[in-house]
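The values are calculated or read from the model by the stated rules, or taken from the named source; none is laboratory data. What you see is a predicted model, and the numbers here were worked out from it, not measured in a lab. A quick note on method: Cβ atoms are made from the backbone with ideal geometry, for glycine too, and the neighbour counts reach across all protein chains shown. What goes into the accessible areas is simple: the full protein's heavy atoms, side chains included, and nothing from ligands, DNA or RNA. Shrake-Rupley method; radii C 1.70, N 1.55, O 1.52, S 1.80 Å.
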Amino acid sequence: MKRDSFSGRFGIIAAAAGSAIGLGNIWRFPYLCGQNGGAAFVLVYLFCIILIGLPIMLAEFSIGRRAQSNAYRAFRILSPGRPWYLIGVLGIVAAFAILSFYSAVGGWTIEYIFRSISGGISSNPTEQFESFTTDSYLPLLHQFLFLALSLGIVMIGVKKGIERSSKILMPLLLVLLIVLCIRAVTLPGASEGLKFLLKPDFSKLTGDSILLAMGQAFFSLSLGMGCLITYGSYVRRNEDLTSAAGMIAGADTLIALLAGVAIFPAAAAFHIEPDSGPGLVFITLPGMFRQMAGGMIFSTFFFILLCIAALTSAISLLEVVVSFCVEEMHLRRGRATALVAVCVFLPGALCSLSLGIVPGLQLFGKSFFDLMDFTSSNLLLPVGGFFISIYAGWILKKHITVRELTSYGAKKFSCLRVFFFLIRYLVPAAILVVFISGLIRN
Ligand code: TRP
């Protein structure tokens with residue numbers, strides 16, 4: 001079977017950036033940043049992106065392009081008879097865990113689109129957010145809608161269309177975010193929020209916040225579960241993987257930082273605590289939209305773009321599972337997609353309900369929603385990343401990796417030695433240290 005390939009360099013950048021840029025940047029990054037002291041968290045996050053995220057991204061791309069297959073099969077092809085394919089299995093578990101809460105938050109964006117169009121953003125956005133997310137069936141309905149949309153796209157296979165449109169829509173999201181940043185920093189009292197984001201207070205930095213920053217780097221770049229292995233397999237031999245990886249990580253980080261610049265000054269202006277948790281974006285920005293000229297138009301656009309960004313990410317997660325079912329279990333695409341849908345909706349509904357009418361749905365002192373959110377990014381993805389780095393650094397023959405990174409000698413990659421140092425020593429050691437220190441603390 002001939003494999004699809006992306007159309008040129010912009011194709012892979014657009015597709016992988018579509019996977020990377022999503023709720024992780026605009027919803028998850030600001031709320032974690034707010035809960036973990038602001039600027040110091042941002043600094044640790046940036047270090048994690050550069051020193052851990054980028055090398056793993058290059059490793060995933062190289063493995064995928066070399067093997068020309070999905071993550072599970074890639075390890076079977078490259079190391080037959082060895083258990084490395086378990087990384088692919090772990091990835092499928094991670095995809096389910098992430099999709100369950102991701103679809104819940106995706107549903108919130110749909111609710112906020114409807115609300116913006118109907119002019120239903122109330123003057124007390126905090127209360128409005130809480131009463132919506134704790135409602136008995138509305139969040140479920142919207143979550144279902146979000147999942148149906150993403151499954152529809154995966155099922156009909158209009159991915160190409162999505163890719164093409166996200167080339168226009170993602171830059172539009174960037175422009176809109178810049179407008180929102182300008183509005184936010186000119187609000188009275190905004191400077192407190194900017195200070196929070198830019199002036200590090202290292203006393204706020206705990207071992208836990210380092211773990212959270214590292215987990216967020218994995219989450220935001222879509223690393224550690226084979227998503228980018230699959231995407232790497234669609235990249236042609238002559239494309240330059242290294243500059244693509246740099247652009248993807250750069251765009252992803254830029255969007256997250258801009259989201260911070262839009263949210264924290266606005267939060268300060270409206271006296272919303274930065275550590276108010278997963279509702280932060282949904283509380284702060286609607287407050288600002290209410291005060292802007294044409295605010296409801298901005299609000300509608302913003303939530304539509306956010307929803308599309310979330311959809312392109314959710315699709316990349318679904319693809320991992322669906323392509324496994326199609327290529328390994330020989331299910332038909334339509335059937336595989338429907339099966340995955342049902343399987344995601346069950347834990348997904350538990351996530352939504354655990355915030356509202358079933359507050360007793362708790363494990364280890366966390367709601368089911370928080371548990372899925374926490375364990376996927378801070379446990380499953382880093383464990384996957386650890387083994388991927390060991391594999392790329394020590395198991396895969398060095399000349400193979402070099403060949404992928406230099407696109408078969410056609411491109412120069414001047415940081416090869418740095419790359420091998422990071423992927424062999426620093427990345428696995430850093431993940432271990434963060435984990436072990438976490439175990440000791442608890
Ligand atoms: N990176 C996406 C975001 O920031 C979420 C995502 C998509 C993801 N695919 C992934 C996270 C694979 C981890 C692994 O919203």
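Observations on the model:
- Restricting attention to the chain, lysine pairs at least eight places apart or on different chains and with alpha-carbon atoms under 24 angstrom apart total 9.
- Between the exposed loop cleavage positions of the chain, defined as trypsin sites (Lys or Arg not before Pro) in a non-H, G, I, E, B DSSP state with at most 16 neighbouring beta-carbon atoms within 10 angstrom, the longest gap is 4-235.
- Length added when fully stretched, Leu198-Leu339, from 0.36 nm per residue minus Cα-Cα: 46.2 nm
- Ranking by accessible area, most exposed first, for Trp108, Trp84 with a 1.4 Å probe: Trp84, Trp108
- Kirkwood hydrodynamic radius over Cα pairs of region 357-442, then Stokes diffusion coefficient at 10 °C and 1.306 mPa s, in µm²/s: 102 µm²/s
- Karplus-derived 3J(HN,Hα), 6.51/-1.76/1.60, for each residue of region 206-213, Hz, glycine and proline x: 10, x, 5, 5, 5, 4, 5, 5
- Percent carbon-and-sulfur accessible area, the chain, ignoring ligands, DNA and RNA, probe 1.4 Å: 68 percent
- FRET efficiency for His330 and Ser122, using Cβ-Cβ distance with R0 set to 56 Å, rounded to 0.05: 0.65
- Measuring between their Cα centroids, region 9-30 and region 199-228 lie 16 Å from each other.
- Annotation: per residue accessible area for the chain equals 40 Å², rounded to a whole number [probe 1.4 Å, protein chains only].
- Treating each Cα of region 300-440 as an identical point scatterer and summing with the Debye formula, the log10 of I(q)/I(0) at q = 0.14, 0.16, 0.19 Å⁻¹ comes to -1.04, -1.15, -1.18.
- Taking the centroid of alpha carbons for each part, region 262-326 and region 104-145 are 12 Å apart.
- Global form of region 108-255, assessed from the alpha-carbon gyration tensor, a/c cut-off 1.5: oblate
- The chain, relative contact order [Cα under 8 Å, separation at least 6], %: 35 percent
- In summary, region 9-441 shows an alpha-carbon radius of gyration equal to 0.94 times the 2.2 N^0.38 Å reference for compact globular proteins.
- Measuring nothing but alpha carbons in region 278-354 and taking Rh as the Kirkwood radius, the Rg to Rh ratio lands at 1.17.
- Per-residue ellipticity at 222 nm, computed for the chain from helices alone with -39500 (n - 2.57) per DSSP H run of at least four residues, works out to -23000 deg cm²/dmol.
- 10 °C / 1.306 mPa s Stokes-Einstein diffusion coefficient of region 1-118, Kirkwood radius on C-alpha pairs, µm²/s: 91 µm²/s
- Tyr231 accessible area, assembled protein chains, probe 1.4 Å, Å²: 20 Å²
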